[in-house]
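Notes follow once the structure below has been shown.
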Amino acid sequence: MKTHRILVATTLALFTAASLLAKNVVKTEKFVRSLTLAPGGSFVIENAIGDIEIIGVDGSGVEASIVKTITGLDEAAATEGQERVHVQAGGDERVRVLRTLIPATAHPRWGHNVSFQLRIPRTVHVRVGSELSNRIRVSNISGNVLVKNFNGLITLDAVTGATRVESVNGSIVFDSPQPVANVELSTVNGDVQVVVAPNANFRWVGETLKGDLRTTLPVRGRIDGNTFAGNVNAPGGPTVSTGSLTGKVYLLRRGSSLQQAQSIQSIPAIAVSAKGPAAIGPAASGSVQQQLVQGRFIYTINIGNVYVGEVRGDATVTTGAGEVQLGTVFGKCNVNSNGGPLHLGEMYGPLVARTRAGDILVDAAREGGLITTEGGIIRLLYTGGPTTLQSGGGDIVVRQAAAPVSAETHSGDIAITVDPSAKTMKLDAKTAKGNITISVPPRFSADIDATVMTSDPTANMIRSDFAGLSIKREQVGGRTRVRATGKVNGGGEKLTLYAEDGGIQILAPTTAPITVVK
């Protein structure tokens, strides 16, 4: 397997035998081997021609089912092939190696195929070297995985360790509900398919020269030449790199089909930006629209819209009236509007977004900031820093909070979902007329102080998935105040919640929400 000369000679032998089917002699040998291998060790298999299936299981040791097939032009050739092709086991319980040994130069009178079915400890690191196969499959492995193959389909499912796959003429399928380590998948002439759960969070880098990048998931990022780089759902998580020189690359939501996948080129301009700077200045309509700003962007307009795909620096936008859309800002972002909706994508620096009338949608505020509207809805898909949200009359929704949040609205509901990895976090939520829903991980720790003011003296408007809260009810100025206090999971940062004429829910769902960009 060290040179393609061996591959060509072996393939030629198979083709020669196939051309004389009437005289072919096929000899098949099946055997089983049991080998020691400790959990957390390494497993290496090198097999020039033949299928390989590796399944991770609990426990220790390797169980190998091996089928060796020799095809010869006659009985003597087949017997020679049997004698010259061997499976060798080497290494020790920390590093176990299985290798198919073949002559340096294959004989033109016979060819071989050796297939493996392997059960190994799921925690080991796996390395596969192959040249020709119909299929290589690695399943249920939590260690690191490396697969190199010249031709044949490579399938990986439920592989959670760092993964790298390289192929020349084969396609690659990677199926993992939630990638938790970096993944690199590359092929020259095949397709690449990545299948993940709808709520998976990771960075995606896709590249193809002559093919296409297609997806059924919400992505936010930019195209630079033949490469797309961006985020799937909320920012954070590992990087999944996919590349095919001539084939297609698919990033699929589990349950969706290849036919449903949309070309990355069809994503609206606000989500992707083309390479190269353009002149800054208002268009004839009184608006500005461009894809990329190299450096700082400062723009002031009385009436008009602002559409910019990417700013590689700070952004300051002031409008009297009109819509503002910024795709990605790598520096500080400050947007002020006297009246109009704001749609902001990936904000890498601190964010200040204000409008006197209009909804505000922010895909990601990586360092947090201030978001206010005097009359409209606020939707924040992800925040990675302390964030304050204020609305004079509208709902406030935070889909994934990885840092403290303070939210207040004079009329509307508040819904905040805490990042699944958070252990504890300070949250403040207040609505003068509406409901509050807080979703936290089941093991989230907090000191709870939740208060409802209601005109219904018999209502119990506080619901919690956590037991142990103390409920107190009292009359205040002709109204009823219901207050719930206590510690959950031993206590932690304080959750202060206040709702008038509404209810409060503290939920602990077992799965994270699906983030959809609209």
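The values are calculated or read from the model by the stated rules, or taken from the named source; none is laboratory data. Computed from a prediction, not measured in an experiment: that's the story for all the values here. As a convention, Cβ positions derive from the backbone with ideal geometry for all residues, glycine included, and neighbour counts pool all protein chains shown. Accessible surface is based on the protein model in full, side chains and every heavy atom, while ligands, DNA and RNA are left aside. Shrake-Rupley method; radii C 1.70, N 1.55, O 1.52, S 1.80 Å.
Some values worked out for this structure:
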quantity: Unique residue being in a loop (DSSP other than H, G, I, E, B), under 20 Å from THR388 (Cα atoms) and free of Cβ contacts under 8 Å to residues at least 40 places away in the same chain when the list is GLY295, GLY313, GLY349; calculated: GLY349
quantity: Unique match (being among the β-branched types (Val, Ile, Thr), at pLDDT 90 or above, under 22 Å from the mean Cα position of the chain (by Cα) and more than 24 Å from LEU342 (Cα to Cα)) among THR208, THR239; calculated: THR208
quantity: Number of the condition not met by PRO108 [criteria: (1) open to solvent by less than 20 Å² (accessible area, probe 1.4 Å); (2) touching a helix residue (DSSP H, G or I) at 6+ places or on another chain (Cβ under 6 Å)]; calculated: (1)
quantity: Lone qualifier among GLY368, GLY385 - being in contact with a Ser or Thr (Cβ under 7 Å, 6 or more places away or on another chain), surrounded by fewer than 24 Cβ atoms within 10 Å (Cβ to Cβ) and touching a residue at least 24 places away in the same chain (Cβ under 8 Å); calculated: GLY368
quantity: Those residues of segment 119-131 which are surrounded by fewer than 21 Cβ atoms within 10 Å (Cβ to Cβ), part of a strand (DSSP E or B) and touching a Ser or Thr at 6+ places or on another chain (Cβ under 8 Å), in sequence order; calculated: HIS125, ARG127
quantity: Filtered residue count, segment 412-433, keeping only those that are farther than 16 Å from ASN199 by Cα, assigned to a loop (DSSP other than H, G, I, E, B) and either open to solvent by less than 50 Å² (accessible area, probe 1.4 Å) or among the β-branched types (Val, Ile, Thr) (or both); calculated: 5
quantity: Residue tally, condition open to solvent by 10 Å² or more (accessible area, probe 1.4 Å), of a type in the set (Ser, Thr, Tyr) and closer than 21 Å to SER257 by Cβ, over segment 151-176; calculated: 2
